[in-house]
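Asks: First, the structure itself, so that you have it in front of you.
The values are calculated or read from the model by the stated rules, or taken from the named source; none is laboratory data. Please read these numbers as outputs of a predicted model, since none were measured by experiment. Cβ placement follows ideal geometry from the backbone for every residue including glycine, while neighbour counts extend to all protein chains displayed. All accessible areas refer to the heavy atoms of the entire protein, side chains included, with ligands and DNA or RNA removed. Shrake-Rupley method; radii C 1.70, N 1.55, O 1.52, S 1.80 Å.
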Amino acid sequence: MPDQNFLYLNAIQKKPVERTPIWIMRQAGRYLPEYLKVRDKYDFITVCKTPELATEVTLQPIRRFGFDAAILFSDILVIPDALGQKLEFLKDHGPKLSPQILQDKDITTLSLNGLEEKLSYVANAIKMVRSELDGKTPLIGFSGSPFTLATYMIEGKPTRNFKHIKQMLYSNPERLTKLLEMLTTAVTRYLKMQIEAGAQAVQVFDTWGGILPTHLYGLFSAHFMKQIVKDLKPYNVPVVLFSKGGIDLLGQLANSGAAMLGVDWMTDLAEARQKVGHVSALQGNLDPTVLYGKKEIIRQEITKVLNVFGADSGHVFNLGHGILPDIPIENVEFLVEEVKNQSIKLHSKIG
Ligand code: 1CP
């Protein structure tokens, strides 16, 4: 495949771009009527595990909005599923993993054997999406970070206080480390498989790393992501790390070797640029709830984000976390148009 001139990949490499690229986290999902139509017929896991359906849902937001990157439709929890923990999505309650991983004996029930084979539906979906995109839009693969996956595996379900993982962290850190090491191997192998199938960048979602005290974040989350970045280096595909939790965490990821770092909406983007922008490109960071707002305010907030980089490359526009399911579609259309129009002007004025 010849080197493609994609805005998204060029911005990550800080090559000159004529405008800032945009995609949004969770762009394929419940705010889209065409997604809900697919979900009327098929449950969520079936969509993830059927390459034709995953491909269709991946392409929906690209067709509708013309985003500058597609992200494979799947879920981070397919890894625990492939390791042998039972995965269900309960209506209105979100994901459930059982039994919870609490004791050493629970870890021994998990197995890395045949991981790629069990997740081959993901590789097949990637190949299908690449073929459908036909070189017009790049495709991002993804995984959860070891720490974020561990939170779901230990808690068994979404949680507010992270009681069980914190209990393990402080009462038996060796046990948690053992699980994190296993997950690091799983994530690395999974992302290699995705790259070999055709993912042109991979993003690691460290959604829950920020629940750790700053001084433990390095040891229990960043350390393992750095290992993953290092092991993926030979593949020459950009690795993006998205952690939610602020400027201190970004500082700890500065020497991770990641091509790009995600910035959450609570963090000041200019401060982030100053702190880590010289080593990595940055992605973000519009507050997702701005999209509930009125047009003038959405426009102003977009301008604030774009002005941090002005005409410079090294920025991919995104939300500071996933889009919420009840965001009005017309505000997403407005967002994409505004980002494109405003950034073309910014780039041509000075460039
Ligand atoms: O249709 C439905 O009812 C299922 C809703 C849904 C969707 C659309 C879930 C369940 N996952 C997804 C897709 C998904 N998940 C994508 C698709 C690609 C995209 O368009 O972005 C991605 C990248 C994810 C990743 C994911 N899943 C994360 C990390 C990203 C983030 O937003 O922080 C996490 C934490 C999950 C777990 C998960 N899966 C689903 C839900 C509702 C949750 C969150 C549970 C919780 O609140 O803790």
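Residue-by-condition table, conditions (1) in contact (Cβ under 8 Å) with a residue 60 or more places away in the chain; (2) out of contact with any Gly (no Cβ under 6 Å at 6 or more places or on another chain); (3) of a type in the set (G, A, S):
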site: I247; (1), (2), (3): no, yes, no
site: M260; (1), (2), (3): yes, yes, no
site: T267; (1), (2), (3): no, no, no
site: V279; (1), (2), (3): no, yes, no
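Asks: Here's a check for you: in region 83-119, which residue that is touching an Asp or Glu at 6+ places or on another chain (Cβ under 8 Å) and part of a loop (DSSP other than H, G, I, E, B) is surrounded by the fewest Cβ atoms within 10 Å (Cβ to Cβ)?
Replies: P99
Asks: Can I ask one more? Return the residues of region 12-51 that are in contact with a Phe, Trp or Tyr (Cβ under 7 Å, 6 or more places away or on another chain), within 17 Å of N331 (Cβ to Cβ) and surrounded by fewer than 21 Cβ atoms within 10 Å (Cβ to Cβ); say none if nothing qualifies.
Replies: G29
Asks: Here is a further query. From the list V57, V78, V122, V129, which residue is more than 29 Å from A222 (Cα to Cα), out of contact with any strand residue (DSSP E or B) (no Cβ under 7 Å at 6 or more places or on another chain) and open to solvent by less than 10 Å² (accessible area, probe 1.4 Å)?
Replies: Numbers: V78 fails: more than 29 Å from A222 (Cα to Cα); V122 fails: more than 29 Å from A222 (Cα to Cα); V129 fails: out of contact with any strand residue (DSSP E or B) (no Cβ under 7 Å at 6 or more places or on another chain).
Within the list V57, V78, V122, V129, the selection yields V57.
Asks: Taking region 270-283, which residues are open to solvent by 10 Å² or more (accessible area, probe 1.4 Å) and not small (G, A, S)? First the steps, then the outcome.
Replies: Going residue by residue through region 270-283, those that are open to solvent by 10 Å² or more (accessible area, probe 1.4 Å) are 270-271, 273-275, 277-279.
Within region 270-283, E271, R273, Q274, K275, H278, V279 meet the criteria.
Asks: Residue by residue through region 120-152, note down the ones that are away from the ligand (no atom under 16 Å from the Cβ) and part of a loop (DSSP other than H, G, I, E, B).
Replies: Result: D134, G135, K136.
Asks: Does region 268-283 include one or more residues that are within 16 Å of the ligand (Cβ to nearest atom) and in a strand (DSSP E or B)?
Replies: First, the residues of region 268-283 that are within 16 Å of the ligand (Cβ to nearest atom): 283.
Of the ones still in play, those that are also in a strand (DSSP E or B) are 283.
Yes, there is a match, as at least one residue in region 268-283 is within 16 Å of the ligand (Cβ to nearest atom) and in a strand (DSSP E or B).
Asks: Here is a follow-up. Sort through N255, N318 and tell me the only one that's modelled with pLDDT under 95 and either closer than 26 Å to F142 by Cβ or part of a loop (DSSP other than H, G, I, E, B) (or both). Spell out the reasoning first.
Replies: On the way: N318 fails: modelled with pLDDT under 95.
After applying the criteria, what remains is N255.
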